[in-house]
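Before any comments, here is the structure.
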Amino acid sequence: MRRKSKVIQYGKTAMVAGASEGIGAAFAFALAKEGMDLILIARRQEKLSEVAEKIENQFGVKTICIQCDLADANALEIIENSITETEVDFMVYNAAVSPIGPFTNLTQENLDLTTGVNIQTPLRLIHHFGGKMVARGKGAVVVVSSLAGFQGSGFISLYGATKAFGRILAEGLWYEWRDRGVDVIACCAGATATPNYINSNPAKSSLFAPRVQSPEEVANECLRKLGKVPSFISGRGNRIASFLMHRILPRRFAVMIMGENTRKIYQM
Ligand SMILES: NC(=O)c1ccc[n+]([C@@H]2O[C@H](COP(=O)([O-])OP(=O)(O)OC[C@H]3O[C@@H](n4cnc5c(N)ncnc54)[C@H](OP(=O)(O)O)[C@@H]3O)[C@@H](O)[C@H]2O)c1
């Protein structure tokens, strides 16, 4: 007998923002496997359609693809207009911009793009769709965050700060909404072999660096943890590294290690 799906209790339709590859696509496959229909969002229509076709063929669920730049201040309206009567029961906000390099090299455009995709749009989508879930008394929200958001992270300072924002927001909402039928979780990933990560051409920071995870490992662990904790760090190696950095070492060292690692990884 097929086991009862855990995520289908939230409703029929999941929306994944940033779904054309990597962790977002892995969430889409994992949710479809549990029987959910999908709303898939990204900028590249062709990539989205490929993911949607594979999912429909493999799991027989329905998909809607929305081509949308999540940096657009009207992203919420674009998405709302594309789904009209479909309710969003489960939402994953995965897309992110991560400019790498000295803070002074960032342009105004970099600043606007990063805060748009990583803060303003998730904030508006969570407020809108999460608010509707609360009104209906069921639903789930996943915010994909990062280990870079646990301390100041030199050379990715802005990215780290936006990831801290996502985690702190999700944790607060976990508490506010837990008795209203809506589960919220911040999924704090470490290095993950997404096309974005691989294309950034990272070098190994040290012999003791935690193992790079697959996008599927991150998504599946998150779905197992949803409803149990407000946030979690994906992967045992990342959890051990985080324990040493944040519980054992003085904060100053944690910030220095993070900055040094980023400098080495991106050879600055
Ligand atoms: N990879 C890692 O090592 C790592 C580590 C820690 C945390 N994370 C977190 O995991 C999440 C995803 O990571 P990732 O970027 O490495 O890989 P990813 O899962 O491949 O995410 C990129 C996805 O977001 C979409 N996207 C990016 N910018 C967008 C925009 N402006 N509008 C619409 N869609 C957009 C991309 O599609 P299009 O290009 O088609 O738009 C793609 O589908 C991020 O939140 C990141 O902070 C990743």
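Summary table below
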| item | result |
| --- | --- |
| Members of the range 65-79 that are open to solvent by 50 Å² or more (accessible area, probe 1.4 Å) and more than 9 Å from the ligand (Cβ to nearest atom) | Ala73, Asn74, Glu77, Ile78 |
| In the range 158-176, residue most open to solvent (accessible area, probe 1.4 Å) [restricted to those that are away from the ligand (no atom under 11 Å from the Cβ) and in contact with a Ser or Thr (Cβ under 6 Å, 6 or more places away or on another chain)] | Glu171 |
| First in the range 8-30 and in contact (Cβ under 8 Å) with a residue 60 or more places away in the chain, second anywhere and buried (at least 24 other Cβ atoms within 10 Å of the Cβ) and aromatic (Phe, Trp, Tyr), Cβ under 6 Å, 6 or more apart | Tyr10/Phe90; Ala14/Phe90; Val16/Phe27; Ala17/Tyr93 |
| Filter pass, Ala95 being of a type in the set (A, V, I, L, M, F, W, C) and in contact (Cβ under 8 Å) with a residue 60 or more places away in the chain | yes |
| Test: residue in the range 119-142 that is without any contact (Cβ under 8 Å) to a residue 24 or more places away in the chain and hydroxyl-bearing (Ser, Thr, Tyr) | no |
| Subset of the range 79-99 [within 30 Å of Ser157 (Cβ to Cβ) and aliphatic (A, V, I, L, M)] | Ile79, Met91, Val92, Ala95, Ala96, Val97 |
| Residue in the range 144-157 that is farther than 21 Å from Arg239 by Cα, open to solvent by less than 50 Å² (accessible area, probe 1.4 Å) and either within 14 Å of the chain's Cα centre (by Cα) or modelled with pLDDT of 95 or more (or both) present | no |
| Which numbered condition Phe103 misses (of (1) open to solvent by 30 Å² or more (accessible area, probe 1.4 Å); (2) within 21 Å of Phe29 (Cα to Cα)) | (2) |
| Pick from the range 188-209, criterion more than 8 Å from the ligand (Cβ to nearest atom) and in contact with a Ser or Thr (Cβ under 9 Å, 6 or more places away or on another chain), ranking: least open to solvent (accessible area, probe 1.4 Å) | Ser205 |
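The values are calculated or read from the model by the stated rules, or taken from the named source; none is laboratory data. Bear in mind the structure is a predicted one, so any value in this text is a computation, not a measurement. All Cβ positions, even for glycine, are placed from backbone atoms using ideal geometry, and neighbour counts span all protein chains on display. Ligands, DNA and RNA are stripped out before the accessible areas are found, and what is left, the full protein with its side chains, is counted by its heavy atoms. Shrake-Rupley method; radii C 1.70, N 1.55, O 1.52, S 1.80 Å.
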